[in-house]
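J.: Handing you a structure now.
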Ligand SMILES: *Cc1c(COP(=O)(O)O)cnc(C)c1O
């Protein structure tokens with residue numbers, strides 16, 4: 001019998017739900033009109049877009065006119081950052097964090113090259129940034145603050161509400177508003193998002209992280225925000241994101257978010273118990289491991305573990321041979337041998353950062369799968385350590 005494969009890389013991407021595929025299907029065939037066309041074909045597609053926009057807006061406690069469809073989470077992040085600084089019309093400060101996804105981090109580095117002054121907030125050992133440090137980083141010319149909601153490598157939750165409150169106070173005494181963006185790609189569909197509660201002006205989501213299709217995302221932009229497009233073309237998405245909308249995928253994204261939000265509590269409970277089972281099992285069975293952030297200050301679906309003295313990549317490959325899919329650091333960092341920028345920012349020692357592996361759960365994972373991982377993992381780690389010169393030096 002063929003071995004069943006186990007997918008524990010749900011923070012990289014997720015399987016599209018069958019209900020979502022079903023919802024999308026007519027828009028590849030029967031309802032193929034261009035939503036910008038005025039005839040009945042177009043109007044039907046346009047109605048589907050409106051419906052999806054309203055649905056997504058309602059889940060974020062936003063107005064439909066504040067939702068802009070994009071090609072992915074990365075594009076949402078880029079439009080947020082470059083859109084705000086471009087509209088400002090003058091150079092200024094940009095504040096972000098050392099633990100952002102590359103979609104933000106590399107955009108900030110580009111802004112730095114263009115002459116914007118950038119500041120990156122530190123993270124503590126749990127992978128959480130400080131509101132006080134943010135307040136100190138604010139300057140007269142600060143244009144935008146971008147802080148992710150949950151980190152994609154370790155799951156640490158950032159104090160978005162507090163930052164939102166503090167910025168609101170700071171903005172009261174300023175002529176030039178500091179805009180607040182949050183990359184919520186890792187929390188959409190997992191935590192109830194409310195733009196008012198969070199106090200954000202801009203917020204990014206991506207469908208494929210919550211069982212929707214790849215290649216579609218959304219950006220929330222608060223009404224009245226001074227933002228300019230970064231690409232030019234038609235009037236689509238109020239001119240902020242020109243190009244014919246991907247109707248089928250947008251419909252799929254709305255359905256995926258609806259299903260995820262409906263099942264948030266149930267899924268969270270299930271996933272949390274799986275994560276804790278794996279975490280406790282690893283601690284019990286394997287010596288010399290470090291848990292990189294978890295518990296109260298993190299989302300429930302990510303478990304990042306350092307297996308000291310071995311290479312995370314080697315462990316990933318061995319697990320893959322056993323039919324278990326995990327990742328080292330972030331999917332985007334794989335292929336580079338640099339230690340994760342997130343773990344470095346958290347002060348994780350190099351020997352531990354090299355051996356870091358991320359297990360990320362989805363609602364389809366089962367207890368049996370976790371038991372299977374706990375069966376094979378200790379032996380793989382032991383074998384790899386036996387081959388590790390560092391381990392042998394330490395333990396002889
Ligand atoms: C996956 C991810 C992105 C990028 O989203 P894409 O849709 O893959 O471009 C951005 N930020 C975070 C935190 C992510 O996890």
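The values are calculated or read from the model by the stated rules, or taken from the named source; none is laboratory data. Remember, predicted model here, so these are calculated numbers, not experimental data. Heads up, the Cβs are rebuilt from the backbone with ideal geometry, glycines too, and the neighbour counts pull from every protein chain shown.
J.: Which one of the conditions (1) surrounded by 16 or more Cβ atoms within 10 Å (Cβ to Cβ); (2) under 22 Å from the mean Cα position of the chain (by Cα); (3) more than 20 Å from residue 369 (Cβ to Cβ); (4) modelled with pLDDT of 95 or more does residue 264 fail to meet, given that it meets all the rest?
T.: (1)
Every residue, every condition in (1) over 22 Å from residue 273 (Cα atoms); (2) buried (at least 17 other Cβ atoms within 10 Å of the Cβ); (3) at pLDDT below 95; (4) away from the ligand (no atom under 16 Å from the Cβ), yes or no:
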{"position": "304", "(1), (2), (3), (4)": "no, yes, no, no"}
{"position": "326", "(1), (2), (3), (4)": "no, yes, no, no"}
{"position": "330", "(1), (2), (3), (4)": "yes, yes, yes, no"}
{"position": "340", "(1), (2), (3), (4)": "yes, yes, yes, no"}
{"position": "350", "(1), (2), (3), (4)": "yes, no, yes, yes"}
{"position": "360", "(1), (2), (3), (4)": "no, yes, no, no"}
{"position": "369", "(1), (2), (3), (4)": "no, yes, no, yes"}
{"position": "373", "(1), (2), (3), (4)": "no, yes, no, yes"}
{"position": "396", "(1), (2), (3), (4)": "yes, no, yes, yes"}
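J.: Does any residue of segment 244-254 turn out to be touching a residue at least 40 places away in the same chain (Cβ under 8 Å) and farther than 26 Å from residue 26 by Cα?
T.: no
J.: Can you pull out every residue in segment 345-370 that is free of Cβ contacts under 8 Å to residues at least 60 places away in the same chain and assigned to a helix (DSSP H, G or I)?
T.: Residues satisfying the conditions are 350, 351, 353, 354, 368.
J.: Could you look through segment 86-141, keep only residues that are at positive phi and modelled with pLDDT of 95 or more, and pick out the one that is farthest from the ligand (Cβ to nearest atom)?
T.: The residue in question is 115.
J.: Condition first: part of a helix (DSSP H, G or I) and over 28 Å from residue 267 (Cβ atoms). Can you find one or more residues in segment 92-106 that meet it?
T.: Yes, the conditions are met somewhere in segment 92-106.
J.: Follow-up. In segment 197-225, what residues are more than 13 Å from the ligand (Cβ to nearest atom) and in a strand (DSSP E or B)?
T.: The answer is 202, 220, 221.
J.: Output the number of residues of segment 177-196 satisfying the condition of being under 19 Å from residue 92 (Cα atoms), away from the ligand (no atom under 16 Å from the Cβ) and either touching a strand residue (DSSP E or B) at 6+ places or on another chain (Cβ under 7 Å) or in a helix (DSSP H, G or I) (or both).
T.: 3
J.: Mind checking which residues of segment 157-176 are under 16 Å from residue 193 (Cα atoms) and either touching a strand residue (DSSP E or B) at 6+ places or on another chain (Cβ under 9 Å) or part of a loop (DSSP other than H, G, I, E, B) (or both)?
T.: Across segment 157-176, the qualifying residues are 157, 158, 159, 160, 163, 164.
J.: Of the residues 239, 252, which single one is assigned by TED's automatic domain parsing to the domain that holds residue 158 and surrounded by fewer than 23 Cβ atoms within 10 Å (Cβ to Cβ)?
T.: 239
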